[in-house]
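Let me begin by presenting the structure, written as structure tokens, before commenting on it.
The values are calculated or read from the model by the stated rules, or taken from the named source; none is laboratory data. A quick note: this is a predicted structure, and the numbers were derived from the prediction, not measured. In this analysis, Cβ positions are derived from the backbone assuming ideal geometry, glycine residues included, and neighbour counts consider all displayed protein chains.
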Amino acid sequence: MTRIFLDATTLIALGTIGELEHLTSFAGDLVVLPAVQNEVTTEPAQTNLTRFIEQYEVETTDPVVDDHLQEAKEVLGEVEKIGDVYLIGAVLGYTADDLPIGIVSDDRRVRTTARGLGAIVTGTIGVVVRAVEDGLDREEAYTLVDRIDSHGLHMTGSLREKAYSLIDEAAEATSSDQ
């Protein structure tokens, strides 16, 4: 089963509005590494994340990651072991063994690096689209995007329109499958 590593950017965006449960729409084991969890310092995102981890028994460790932290630091040009280093360490470890791995992040550097190394990558809007594919109503998804936008993940007009378009496509695909 695919391991899906969550980044602080998405955890903050969804945690701030109390919508982390949409992450469970993904087929795979969710992982929030301690270095990433420590980056979620704002409330209510921090409290909501702690509750989410407990309620959904989200993994918080992965032995593969530690063996690749030095390489990840070099790849990213980082001195410290920040959350990004752990995420890229996970990607390096899983892709080296030809195992599937997903990264959920809105951080451009993490997304670009992870994708370039062979991970499946999505972001907060991808989470909303996946939730639509899993049965979330189109109008509720639009509202969710608006709430995310107004509470921290400030979107450009074109990104918001792209999000609505992806939601429409997912809703139409879901309705035609039924």
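Annotations
- Test: residue in region 124-143 that is in the same structural domain as Thr9 (by TED's automatic domain parsing), basic (Lys, Arg) and under 30 Å from His68 (Cα atoms): no
- Answer from Glu133, Glu59, Glu78 - the residue that is under 17 Å from Val31 (Cβ atoms) and acidic (Asp, Glu): Glu59
- Residue satisfying all of: in region 157-167; exposed (fewer than 15 other Cβ atoms within 10 Å of the Cβ) and either outside the structural domain of Asp137 (by TED's automatic domain parsing) or among the charged types (D, E, K, R) (or both); farthest from Gly126 (Cα to Cα) among these: Glu161
- Note on region 107-120: among residues that are crowded, with 19+ Cβ neighbours inside 10 Å and within 27 Å of Ala171 (Cα to Cα), the one that is farthest from the chain's Cα centre (by Cα) is Ala119.
- Taken across region 129-145, residues that are assigned to a helix (DSSP H, G or I), under 24 Å from Arg3 (Cα atoms) and among the basic types (Lys, Arg) do occur, with at least one present.
- Verdict on Thr24 being outside the structural domain of Ala131 (by TED's automatic domain parsing), of a type in the set (S, T, N, Q) and either more than 24 Å from Ala170 (Cβ to Cβ) or buried (at least 22 other Cβ atoms within 10 Å of the Cβ) (or both): no
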